[in-house]
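Asks: Here's a structure for you.
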Amino acid sequence: MTQIFISWSGNLGKKIAEFLHKDLFRYANLKPWISSNDITAGNAWFNETAKALSESEYGVVCLTPGVSKKPWINFEIGWLYGKLNNCKIITFGENIDNPLACLQKRDGYDIQTWFGLIREMIPKELRTDEEIQDRVQLKFSKLEELLELINQEPYQYYCELDQQFSKIHDVMNRLKKNDYAQHNFLFQRVITKSFADLIYYFDNLQSTYSIPASEYVKYLIYLQEEVHPKPTVKAIALVDIEEDFWRFPAGNKIKNSSNPESIRVFVFTKKEDLQSYFPILKEHARKYHVYTISLTRLHDVIGDKSKDFSIIYNSEKSLLATYQNETDWQNKISFISNILYIQDYEKSFDDLIKSNFITRVEKDFEYTEEDIINLSRKVFYGLTLYPRKPVEMSLYINVFDYDDHESKHAYYSEMTTQMISSCKEDYNSKSLSQPLEILELGAGTGIFTMMVANAIADKLRKIDAIEFDWHCYKLLKIKTREFANSHPNIDVNVYHEDSRTYDPEGKFNYIFSAFADHHIKSRDKEIYFENVKNNLQPGGLMIVGDEFLREHNADNKEERNRALRDYHSHIIKIAESESNFVLAELERQALDSGLEEKGDFKVSCSQYENFIRNAGFKVKKKIKIGPLNRDDIGGIYVYVCSSN
């Protein structure tokens, strides 16, 4: 008997080797052997393999695409050539380099390869050429069926991974020889960190694969251009929030490579932005189905899925791509193949398309300027917010009106000026040598954030802004982007987090809160102030500007409600005297929320001071901002506090 040692690597290589073992080489005096079939359970692999090798006269190595760079297959080929005089390398679409290129190879797609191989392995007295020809002809069609798997899933995927591994192997060898890297330690660190990042992205990969969010466009375009049949996409795009590429060439590539059956809903925070972007939306509508909606209405319909996501379909397969909440310095996009997640997002998307809140951009309609204005009014008409978490302030007021008018609130300008002045006075007195790191809690839509950032930009190294209300957070994020772009030396971070529990790495010189503390429930204030104290550097200050009620019995609800009405009536009266009726209405809504205790929890100064003292703060300054001519309604104060 002539024993044949069959060597293979990879999923497809195994299938080919098993075909040779069970079928093609089961002929005449041939005795094929492969490790996947012929090692007895419990026996040591190496010993069995060594024994089979010593008993073999021929070796046949099956190389499918990408496997020739794998260390083990190279070891096994070297072992075979060292032990056997007759070792045959059979390639199936694999291009091999040195040292294997120095060895003789044969093409596994060529039927004559198998005829010649069997003819060589069987003595003449045991066969005729015609018999071998007939056998190979009979069996070769089955091998061709196996080879067709190279272009089918999952074997195409297996082969492509092997090919990419082969390329990585080549790249790493070239990098080792790179003169610049050999003599530059920093260059070496960057290169090795890049490989470490690659491993990080693939480590523990199961149904989700995450990459930097900035890479999403590249992957979407690749899928739309290279995958066949062309995928369809159902997507939500929050314009200039997560996805700011629609005005640029990447946006055009997405448009031009889209399947005509794709659907995208473009989401805007302001009607002016929608009007500005409308020519782009119209171009996209000529290629596929385009809708638009306001950010607030989007959240009304699909709640916590109100973020950028895409569901990508190809044949019967689908993939979800969604941005992840910021958990570190780098935003990520996750590709998710778990069908339950995908179905959950599909339902939300379908609910949105069926709703009455989205507006279609018609591809064949010629929109005039007046049409565009009317469409934007339709999209943003009657912005009503419903109680969906995680929201707080936007449960009871319109955040867009708030953003436009809050800075005109009675005493607000004087309050913020005093807060910034207190900060400057403190750091000037300390002659601080290092740039400042500041934190704002309850940053809202970023009104005070921008004031303080611009006022002390020359002193800043870092500013973190925290906002719990989802609607406010999105506006805050938009506002801070321009400042961050114009101040690249300042680390600007915006987080959708809870001020009561936010605990980042590092501590801050100053922690600000402007018109925010009264949104913290009394029972939570102790935890909140403890957290503030834990985030302050030694010698740091908490600077608070807020609204306070007159002194009253906090346990008497009627007395508290009278104090609440008296304070807000004063503010409403001032707003109406200045013909700012939107602000007056916002104050009425704030009053109602306070009376209902569903988001506004104002206290008196003495109550507030008890909370901060119990948390270990010392009041260094207490400045009344207004009204200065009366003490019977409470008012707006600035507190400057240090930890004891």
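The values are calculated or read from the model by the stated rules, or taken from the named source; none is laboratory data. Every value quoted in this text rests on a predicted model; they were computed, and no experiment measured them. So basically every Cβ, Gly included, is an ideal-geometry build from the backbone, and we count neighbours across all protein chains shown.
Asks: If you take the residues in the range 108-119 that are without any contact (Cβ under 8 Å) to a residue 24 or more places away in the chain and over 54 Å from the mean Cα position of the chain (by Cα), which one is nearest to Lys31 (Cα to Cα)? If you could, list the steps in order and put the result at the bottom.
Replies: If we filter the range 108-119 for residues that are without any contact (Cβ under 8 Å) to a residue 24 or more places away in the chain, which is where we start, we get 110, 112-113, 115-116, 119.
Applying the additional criterion that residues be over 54 Å from the mean Cα position of the chain (by Cα) yields 115-116, 119.
Numbers: Phe115: 17, Gly116: 17, Arg119: 15 Å.
Result: Arg119.
Asks: Exactly one of these conditions fails for Thr232: (1) touching a residue at least 24 places away in the same chain (Cβ under 8 Å); (2) farther than 30 Å from Phe357 by Cα; (3) polar (S, T, N, Q). Give me its number.
Replies: Every condition holds for Thr232 apart from (2).
Asks: Evaluate the following for Thr2: is it closer than 26 Å to Cys159 by Cα and either among the hydroxyl-bearing types (Ser, Thr, Tyr) or not assigned by TED's automatic domain parsing to the domain that holds Leu147 (or both)? Reasoning before the result, please.
Replies: Working: closer than 26 Å to Cys159 by Cα: no; either among the hydroxyl-bearing types (Ser, Thr, Tyr) or not assigned by TED's automatic domain parsing to the domain that holds Leu147 (or both): yes.
Criteria not met by Thr2.
Asks: While we're looking at this one, here's another question. What tally of residues in the range 283-301 results from selecting those that are among the charged types (D, E, K, R) and part of a helix (DSSP H, G or I)?
Replies: 3
Asks: Can we say Ser606 is farther than 30 Å from Asn509 by Cα, hydroxyl-bearing (Ser, Thr, Tyr) and out of contact with any strand residue (DSSP E or B) (no Cβ under 7 Å at 6 or more places or on another chain)?
Replies: No; evaluated as a whole, the condition is false for this residue.
Asks: So, in the range 608-623, exactly how many residues are surrounded by 16 or more Cβ atoms within 10 Å (Cβ to Cβ) and out of contact with any Ser or Thr (no Cβ under 9 Å at 6 or more places or on another chain)?
Replies: Of the residues in the range 608-623, 3 are surrounded by 16 or more Cβ atoms within 10 Å (Cβ to Cβ) and out of contact with any Ser or Thr (no Cβ under 9 Å at 6 or more places or on another chain).
Asks: Does at least one position in the range 14-28 carry a residue that is in contact with an Asp or Glu (Cβ under 7 Å, 6 or more places away or on another chain), at pLDDT 85 or above and assigned by TED's automatic domain parsing to the domain that holds Leu147?
Replies: no
Asks: I need every pair where a residue in the range 459-475 that is under 12 Å from Val494 (Cβ atoms) and outside the structural domain of Lys305 (by TED's automatic domain parsing) has its Cβ under 6 Å from the Cβ of a residue that is of a type in the set (Val, Ile, Thr) and modelled with pLDDT under 90, sequence separation at least 6 or different chains.
Replies: Cys472/Val399; Lys474/Ile241
Asks: Further question: So Gln589 clears everything in (1) over 29 Å from Asn398 (Cβ atoms); (2) surrounded by 15 or more Cβ atoms within 10 Å (Cβ to Cβ); (3) polar (S, T, N, Q) except one condition, right? Which one?
Replies: (1)
Asks: Pull out all pairs, ordered by first then second residue, where Cβ-Cβ is under 8 Å, the residues are six or more apart or on different chains, the first lies in the range 169-189 and is closer than 18 Å to Lys70 by Cβ, and the second is of a type outside the set (Phe, Trp, Tyr) and surrounded by 11 or more Cβ atoms within 10 Å (Cβ to Cβ).
Replies: Every condition considered, the pairs that remain are His169/Lys69; Asp170/Lys69; Asp170/Asp97.
Asks: Which ones in the range 459-513 are assigned to a strand (DSSP E or B), of a type outside the set (D, E, K, R) and within 21 Å of the chain's Cα centre (by Cα)?
Replies: Going through the range 459-513, the residues assigned to a strand (DSSP E or B) turn out to be 460-466, 491-495, 508-513.
Then keep just the ones that are of a type outside the set (D, E, K, R); that gives 460, 463, 465-466, 492-495, 508-513.
Correct list: Ala465, Ile466, Val492, Asn493, Val494, Tyr495.
Asks: Considering only the range 399-426, state which residues are under 17 Å from Val640 (Cα atoms), in contact with a strand residue (DSSP E or B) (Cβ under 7 Å, 6 or more places away or on another chain) and of a type outside the set (A, V, I, L, M).
Replies: Scanning the range 399-426 gives Glu414, Thr416, Gln418, Ser422, Cys423, Asp426.
Asks: Does Phe92 fit the bill of being of a type in the set (Phe, Trp, Tyr), out of contact with any Lys or Arg (no Cβ under 8 Å at 6 or more places or on another chain) and loosely packed, with under 15 Cβ neighbours inside 10 Å? Can you show your working first?
Replies: Values: of a type in the set (Phe, Trp, Tyr): yes; out of contact with any Lys or Arg (no Cβ under 8 Å at 6 or more places or on another chain): yes; loosely packed, with under 15 Cβ neighbours inside 10 Å: no.
So Phe92 does not fit the description; no.
Asks: Any residue that is surrounded by 15 or more Cβ atoms within 10 Å (Cβ to Cβ) and out of contact with any helix residue (DSSP H, G or I) (no Cβ under 7 Å at 6 or more places or on another chain) - is there at least one of those in the range 186-199?
Replies: No - not one qualifying residue is present in the range 186-199.
Asks: Go through the range 1-107 and tell me which helices (runs of 4 or more DSSP H), entirely inside it, have 3 or more residues that are within 23 Å of Phe140 (Cα to Cα) and of a type in the set (A, V, I, L, M, F, W, C).
Replies: 11-19
Asks: Touching a Pro at 6+ places or on another chain (Cβ under 9 Å), of a type outside the set (A, V, I, L, M, F, W, C), surrounded by fewer than 21 Cβ atoms within 10 Å (Cβ to Cβ) and farther than 30 Å from Asn534 by Cα - does that describe any residue in the range 558-565?
Replies: Checked the range 558-565: no residue is touching a Pro at 6+ places or on another chain (Cβ under 9 Å), of a type outside the set (A, V, I, L, M, F, W, C), surrounded by fewer than 21 Cβ atoms within 10 Å (Cβ to Cβ) and farther than 30 Å from Asn534 by Cα.
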